Every structure is written in structure tokens, then in C-alpha cells.
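Structure record follows, encoded as C-alpha cells.
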Amino acid sequence: MKIISIFNNKGGVGKTTLTFHLAHALAELGHKTLIVDMDPQCNVTILGLGETTLARVWHDEEDFIDDFAAAYGKMPPADFEKLMKSPRSIHFLLKPTENGLSDLTTFSPPFALASNLHLIPGRLTMHMYEDVISRRWSDVYQGDPLAVRTMTKARDIAVNYAKMYGYEFVIMDTSPSLGALNKLLISTADGFMIPCMPDMFSLYGIKNIGNALTAWKKQFDTIYHLLSSDKRAAFPASFVKLLGFTLFNAKKYTGGEWDLATAHYNFAQQIPGAIRNYIQPEIRDLLPDDVLTNPIGKTAIMHTHNTMPAMAQRYNTPMWLVPRTASGADASTVGGNRSTYEDTQTKYHTFAEDFLSRVNFLG
């Protein structure tokens, strides 16, 4: 099982669309996949489930997020067992660690989005767990058990779910922040990718990511050196590796390089250089340089999807399935563009196959 984070220090780069559709493509190619929504904005959860379903999940666990011990003490064991038989948010699963309580002895089921594809939903309250990470960070250098558990619990949850359900991939969706939560999630993943737009903001985002990764790697190298072998085993074997970058929502111009309009290509072709300049060789040396120079999937998904992602969100399904689910006035609009919607399946499968070839370098 590989844990993959998708991250950029810039919003609006198609991260949610990428996460959702990559996961569906991997599942359709036969790779059992779990999405864990670690972004407090919960966009990929809303894309997959819709707001009504998510509101019900949050409502049922509200008291536990406020005070897990108190809520557990008030609830009859049979009722808690019933609660755990329905999907719970990632913050609920992390809450005992956040409050310094014993681990849960049972695991709630994930949501099934499709064959081979499951989701653990996010929650707006994840900032609370981030605050705890910040407070306990210094204690991990001394090997404090609760601090170590706090830093490794998200990965531990991913590993345990993978054992139960046989996932090959756990994809962690993250926020654009460079805060403590993302420091933890990205540094303790096996690989990560950087979604980009062909603009100057993505170039600056790569610089910020590179500077942050340099600092984070120093911290984790120190932690790994100080921890006993037993506590070190809770962390991954090595610091995270870059799998590459993606381009999204670029203006297409047939015949140009990467079939991009000149203005977009001028920014896009600077991205590999920015990666080499700002991301340490130890983090990006997984891939041969000629592979890293090209976006994942090359031109497969880089061009604008226009309004199709919005329709995918409306019907909580990947773009290529929208024609099968659209109703009302949407049905005729979508029907007139059916082949355009359905063609996205081939594009994301191509993207997923390149992703898989790069993951193979992780061993």
C-alpha cells in the first residue's frame, strides 16, 4: 500500500478534481483505492457525497468532536457500537489521539463511492487536530508516546484501513496550507504530486513548497535519529518522494508545444526548472530527469474541462459518468456534449497509468 498526498501551496489548481478523478480512474483500472479527506474545506468529500449526506455524518458525531470522553461516557455501549457501524469522519477517528485517550478498538466503514473506491470524509473541525500537532511537536524529539502517536496516527489509520479492505493506494487530499497538519501529512506520505496551473502563482507555490520541504526534512531527520527503533517504526522508512507535477485548466492551442496557447506554455515550461531549483535532489531523485520534466500524463488532462467539473460535483460522479446521471434541464445540455464528457475517462485512465509507472519507482 502506498500513501500519496496531493499538494500545492496555491488554491484553484484543480486539486479536488484531480484527486477525485484519479481515484476513480485507479479504481476502474482495478486498483482498490481509499480517499482520506484531510482538507478542512472538505471539497473532495462534498464532490463525492454531497452536502446532505455529509451533514448527517457530522450531526451524528457532533458531541464526540466537542468532548470525546464525555460523549462516550454518556452513550450506551450498544448505541456507540451502532454509531461505529456507519461511516465516520477522519476527525472523529483522530479525536481519541487528540484528546489523549485510548485508541478506538473498532473501525467505522468508509463510504463506497464506486467499485474499488472508498472515502473517509473530512470535517471542518480538523484545525483542532492541527493545533494539537503544533503543541506536541517539540515532545516528539524526546520520544513522548502521545506526541509520537499524534504525529503517526493519520498514517496508522491509513495502514489499518488498507489491511482491512485491501487498498493499494490511500490518497490524502490536503489544504493549500504550509501549517503543521500538512507538514505531517506530506512528510509521512510515501509520495506526493504537485498540481499546477500554467501561471506565475504555481511557480511561486513550488518555491514555497521547496523551502518548506527542506525545513521539514531537517526536522524529520533529527526526529528519526533521536527516536528508538520501536518508535521509529511508526513512521515511514524514508522521507516523502516527489512523483511529479500536473497541469490543469490550460488553454488548448492545437499545434503548439503540449498543445498549449503560447502564454500558458511560457509558464508551463518553467515548472520543471522551478522544481529542480527549489526542491532538494533527495526529495525529487526518485524519477529520471526526463520523466520529471514532463507533467504526469503529459497532455492527457492539462487542458480546460470548462464546466464539466461543476456538473460532476452536482451529480457526485466523475465527469465521464455525468451523461448517465444528469436529469431535468441538464440532461439535454449534457446529452449534446456526451462524447466530450465520456472522453474524459480515457484521459484520466492515461493519467492514472503514468501515475502508476511513477509509483513503481517507490518500490
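The values are calculated or read from the model by the stated rules, or taken from the named source; none is laboratory data. No experiment lies behind these values; they were computed from the predicted model shown. Note that we place each Cβ from the backbone using ideal geometry, even for glycine, and neighbour counts take in every protein chain shown. The accessibility values were calculated without ligands, DNA or RNA, using every heavy atom of the protein model including side chains. Shrake-Rupley method; radii C 1.70, N 1.55, O 1.52, S 1.80 Å.
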Inset, instruction - Could you provide, to the nearest whole Å², the per residue accessible area of the range 7-148 with probe 1.4 Å? - result: 41
Legend entry - Cα centroid separation, the range 216-233 to the range 1-48 (Å): 28
Inset, instruction - List the GluC sites (Glu not before Pro) within the range 42-126 that fall in a DSSP loop (any state other than H, G, I, E or B) and whose Cβ has at most 15 other Cβ atoms within 10 Å. - result: none
Legend entry - Relative compactness, the range 48-169, computed as alpha-carbon Rg over 2.2 N^0.38 Å: 1.09
Legend entry - Where a label projected 7 Å from the Cα of ALA310 along Cα→Cβ would reach, residues of the range 36-77 with amide N under 19 Å: 43-44, 46-48, 50-51
Inset, instruction - Subtract the Cα-Cα distance of LYS298 and PHE361 from 0.36 nm times their separation in residues, and report this length gain in nm to one decimal. - result: 20.9 nm
Legend entry - Net +/- balance of residues flanking ARG276 in space, Cβ distance below 9 Å, scoring K and R +1, D and E -1: 0
Inset, instruction - Sketch the reach of a paramagnetic label on LYS218 as a point 7 Å from Cα along Cα-to-Cβ, and name the residues of the range 238-269 whose backbone nitrogen lies under 18 Å away. - result: 239-240
Legend entry - Cα coordinate range in the range 232-363, projected on the principal axes (Å, largest first): 54, 43, 20
Inset, instruction - With a Förster radius of 25 Å, plug the Cβ-Cβ distance of ASP63 and LEU146 into 1/(1 + (r/R0)^6) and report the FRET value to the nearest 0.05. - result: 0.60
Legend entry - Accessible surface of the range 186-230, 1.4 Å probe, proportion on carbon and sulfur as whole %: 55
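For the range 232-363, what does the accessible surface come to per residue with a 1.4 Å probe? Please give it in Å².
48
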Inset, instruction - Once every Cα of the range 133-218 carries one equal point scatterer and solvent is ignored, give the base-10 log of I(q)/I(0) from the Debye formula at q = 0.17, 0.19, 0.22, 0.23 Å⁻¹, two decimals. - result: -0.83, -0.97, -1.15, -1.20
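Distance check, please: which entries in LYS15/LYS251; LYS251/LYS347; LYS32/LYS163; LYS32/LYS85; LYS74/LYS153 exceed 23 angstrom between their Cα atoms?
LYS74/LYS153, as the Cα separations exceed 23 Å there.
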Legend entry - Linear extension gain, THR105 paired with GLU81, 0.36 nm per residue minus alpha-carbon span: 7.6 nm
Inset, instruction - Determine, from the Cβ-Cβ distance of SER339 and ALA233 and an R0 of 35 Å, the FRET efficiency 1/(1 + (r/R0)^6), rounded to the nearest 0.05. - result: 0.10
Legend entry - Projected-area mean, the chain, by convex hull of Cα positions, square nanometres: 18.2
Inset, instruction - Kindly point out which whole DSSP H helices in the chain project their C-alpha atoms 30 angstrom or further along the helix axis while averaging a Kyte-Doolittle hydropathy of -1.0 or above. - result: 200-226
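Using the Cα gyration tensor of the range 139-276, with a ≥ b ≥ c the square roots of its eigenvalues, what is the shape: rounded (a/c below 1.5), prolate (a/b larger than b/c) or oblate (neither)?
Cα axes put the range 139-276 in the prolate bin.
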Legend entry - Fraction of accessible area attributable to carbon and sulfur, the range 48-124 (%, probe 1.4 Å): 53
